[in-house]
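The values are calculated or read from the model by the stated rules, or taken from the named source; none is laboratory data. Predicted model, so just to flag it, every value in this text is computed and none were measured. All Cβ positions, even for glycine, are placed from backbone atoms using ideal geometry, and neighbour counts span all protein chains on display. For the accessible areas, the whole protein counts, side chains as well, though only heavy atoms, and no ligand, DNA or RNA atoms are used. Shrake-Rupley method; radii C 1.70, N 1.55, O 1.52, S 1.80 Å.
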Amino acid sequence: MPRNSGIILSSRCVSGGDIERRTSSHAAVWFITFPCAMPTDNKRVRGPEVSQSPSLFLCEPAGALPSHGPRADGRQRDQVDVRPVFVRCGLVSQAKGSAYIEAGNTKLMCCVYGPRETERKDETDMKCGRLTTDMRFAPFSCPERGSWIQGSQDKDLSLMLHESLQPAVCLHKYPRSQIEVNVMVLENSGSVLAHAVTCASLALADAGIEMYDLVLGCSIRQDGTSYVVDPTYTEENRCSSVSSENQGGLTVAFLPSLNQISGLQSDGEMAEETLTAGVRTCIEGCYKLYPVIQQALAKAVRKAAPPPSES
């Protein structure tokens, strides 16, 4: 065999196997390619290959909601018709105070920690305490799965929650202290900010924090000449009116005993008369919730009270 002739074998890893021969003036080169396994995700439990996403079986809602007649859950339009509310206090033993609220399919949990010594001290902390609020959505709370990292929506809602609660808390009674309010949205079915205000106020009262009054929240959705009280998630994100006038949402935080508004959040475009009427409607909705909140708080106090001593 000539010196410059020979056979050279070479191998390489690709997605599919093959044999290729290349010739040159000096030698014949054979390339043998064979398949190799791609890296897999071993930390995630994968479903069967024939499975389908549950979202494919959901009924797609209509593009526009009807502007007249009863709502999807049976409530009436243009009336102060709030969803039935289920409230409980003192469910989290590790927290100083806690509350759980359920309105329709909207479910929230709030925990209060403190008063504890503040980490950062300045002149304001020497005279009165500090209130911190943190509101987050659970990843499974919305139709579109989220993350545990606090996003821009969570930060905005936390700020609105803080502005609604701070006027009702006697922070001057807790100098050099910090009170932490943490709200977790377990399921978002509309009006989460209003129910978060109510739930956080109830948790503060359960923790024994001195307050001027309870804070109740109520929201409406204006759709042209019609409005709905305590809107659901579908009603908040869809409209039935073609006109862009008087389209928006309104959330009011109200102190019922003092008859004062501690917070107001509005979005969209609404006329002054419509906005004024919406505030009055929200106040009326807060008064409807007030007996339920009072009863839940009184039940928690009686449960935590020591039994009477036998003399």
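Could you tell me whether segment 52-67 includes any residue that is open to solvent by less than 80 Å² (accessible area, probe 1.4 Å), closer than 30 Å to residue 291 by Cα and at pLDDT below 90? I'd like the intermediate steps shown before the answer.
Within segment 52-67, the subset open to solvent by less than 80 Å² (accessible area, probe 1.4 Å) is 53, 55, 61-67.
So of that shortlist, the ones also closer than 30 Å to residue 291 by Cα come out as none.
Looking through segment 52-67, none of the residues is open to solvent by less than 80 Å² (accessible area, probe 1.4 Å), closer than 30 Å to residue 291 by Cα and at pLDDT below 90.
If we scan segment 190-205, do we find a residue that is farther than 16 Å from residue 106 by Cα, open to solvent by 10 Å² or more (accessible area, probe 1.4 Å) and not aromatic (Phe, Trp, Tyr)?
There is at least one residue in segment 190-205 that is farther than 16 Å from residue 106 by Cα, open to solvent by 10 Å² or more (accessible area, probe 1.4 Å) and not aromatic (Phe, Trp, Tyr).
Hey, can you tell me all the residues within segment 96-122 that are at pLDDT 85 or above, in a loop (DSSP other than H, G, I, E, B) and surrounded by fewer than 20 Cβ atoms within 10 Å (Cβ to Cβ)?
Matches in segment 96-122: 96, 105.
Can you tell me which condition residue 157 does not meet? The list is (1) touching a Phe, Trp or Tyr at 6+ places or on another chain (Cβ under 6 Å); (2) open to solvent by 10 Å² or more (accessible area, probe 1.4 Å), and all the others hold.
Among (1) touching a Phe, Trp or Tyr at 6+ places or on another chain (Cβ under 6 Å); (2) open to solvent by 10 Å² or more (accessible area, probe 1.4 Å), the lone unmet condition for residue 157 is (1).
Which residue is most open to solvent (accessible area, probe 1.4 Å), if the candidates are limited to segment 249-302 and must be of a type in the set (S, T, N, Q) and out of contact with any Leu (no Cβ under 7 Å at 6 or more places or on another chain)?
295
Looking at (1) open to solvent by less than 20 Å² (accessible area, probe 1.4 Å); (2) over 26 Å from residue 143 (Cα atoms); (3) modelled with pLDDT under 90, which is the one condition that is false for residue 75?
(2)
Looking at residue 138, is it within 19 Å of residue 293 (Cβ to Cβ) and of a type outside the set (S, T, N, Q)?
Taking the combined requirement at face value, the residue does not satisfy it.
Consider residue 218 against the criteria (1) of a type outside the set (S, T, N, Q); (2) in contact with a Gly (Cβ under 9 Å, 6 or more places away or on another chain); (3) part of a helix (DSSP H, G or I): it satisfies all of them except one. Which criterion is unmet?
Evaluating residue 218 over (1) of a type outside the set (S, T, N, Q); (2) in contact with a Gly (Cβ under 9 Å, 6 or more places away or on another chain); (3) part of a helix (DSSP H, G or I) leaves (3) as the failure.
For segment 243-278, enumerate the residues that are free of Cβ contacts under 8 Å to residues at least 24 places away in the same chain and part of a helix (DSSP H, G or I).
272, 273, 276, 277
From the list 136, 176, 221, exactly one residue is open to solvent by 40 Å² or more (accessible area, probe 1.4 Å) and at positive phi. Which is it?
Testing whether each residue is open to solvent by 40 Å² or more (accessible area, probe 1.4 Å) and at positive phi leaves just 176.
Would you call residue 213 buried (at least 18 other Cβ atoms within 10 Å of the Cβ) and acidic (Asp, Glu)?
Here the answer is no, as residue 213 does not meet what is asked.
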